[in-house]
1. Does residue 1 fit the bill of being touching a Cys at 6+ places or on another chain (Cβ under 9 Å), of a type outside the set (S, T, N, Q), under 25 Å from residue 157 (Cα atoms) and touching a residue at least 60 places away in the same chain (Cβ under 8 Å)?
2. Quickly run through the range 104-132 and pick out the residues that are modelled with pLDDT of 95 or more and part of a loop (DSSP other than H, G, I, E, B).
3. Can you tell me which of 144, 126, 130, 81 is of a type in the set (Val, Ile, Thr) and in contact with an Asp or Glu (Cβ under 8 Å, 6 or more places away or on another chain)?
4. For residue 143, only one of the following conditions fails: (1) modelled with pLDDT of 90 or more; (2) of a type outside the set (D, E, K, R); (3) crowded, with 20+ Cβ neighbours inside 10 Å; (4) farther than 14 Å from residue 8 by Cα. What is its number?
5. I'd like the residue in the range 36-81 that is crowded, with 20+ Cβ neighbours inside 10 Å and hydroxyl-bearing (Ser, Thr, Tyr) and, out of all such residues, is farthest from residue 108 (Cα to Cα).
6. Within the range 20-35, work out how many residues are closer than 11 Å to residue 57 by Cβ and buried (at least 17 other Cβ atoms within 10 Å of the Cβ).
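The values are calculated or read from the model by the stated rules, or taken from the named source; none is laboratory data. Just so it is clear, the structure is predicted and the values come from calculations on it, not from any experiment. In this analysis, Cβ positions are derived from the backbone assuming ideal geometry, glycine residues included, and neighbour counts consider all displayed protein chains.
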Amino acid sequence: MIRFAMPGTALELVLCNEAIETLRSRVQANVTSTESVGQLFASSLSSSEVAIRIATVLQPKCARRTRVVIDKALAEAERRIMFENQLHCAGVWHTHPESHPSPSADDNALAEDYARAASDAGVAGIVFIIVGTAPFPTGLYVGIHDGKTMHRATFVES
């Protein structure tokens, strides 16, 4: 497990081992690798610890080395199926071909879209993870988008 403190709150985000392994398996390890994208699911979004149990991998509309376009219809269908299995979408992840990633303008727009949709469902924000090429946790950008701003989460030593 890897823990992150959520900025401005007493909440912690926990990446469970199954989710970590999915993210590790998608690292862009060489120059021919294209970006991957998926969603993050938790059993509960209402406790002081949000545990990301599952990171899925979505088939993108298009993927290149430095750009990925999520298929919104596939993402929506996946959320419905996971909800039927008592899992809630906590956010989205994707890869970057750099060691220590940070969000691009496109990333911020995607996170904002997800956060606004979550707000309609009564959720205060979404988790946004970018997987870089450096070992975890330094190779991860973990943020929380509240619909207006991306707030970077901080790694918590175990």
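1. Working: touching a Cys at 6+ places or on another chain (Cβ under 9 Å): yes; of a type outside the set (S, T, N, Q): yes; under 25 Å from residue 157 (Cα atoms): yes; touching a residue at least 60 places away in the same chain (Cβ under 8 Å): yes.
Answer is yes for this residue.
2. 132
3. Numbers: 144 fails: in contact with an Asp or Glu (Cβ under 8 Å, 6 or more places away or on another chain); 126 fails: in contact with an Asp or Glu (Cβ under 8 Å, 6 or more places away or on another chain); 81 fails: in contact with an Asp or Glu (Cβ under 8 Å, 6 or more places away or on another chain).
130 is the lone residue from the list that is of a type in the set (Val, Ile, Thr) and in contact with an Asp or Glu (Cβ under 8 Å, 6 or more places away or on another chain).
4. Checking residue 143 against (1) modelled with pLDDT of 90 or more; (2) of a type outside the set (D, E, K, R); (3) crowded, with 20+ Cβ neighbours inside 10 Å; (4) farther than 14 Å from residue 8 by Cα, the one that fails is (4).
5. Among residues in the range 36-81 that are crowded, with 20+ Cβ neighbours inside 10 Å and hydroxyl-bearing (Ser, Thr, Tyr), the one farthest from residue 108 (Cα to Cα) is 56.
6. First pass over the range 20-35, keeping only residues closer than 11 Å to residue 57 by Cβ: 22-23, 25-26.
Adding the requirement that they be buried (at least 17 other Cβ atoms within 10 Å of the Cβ) leaves 22-23, 26.
Number of matching residues: 3.
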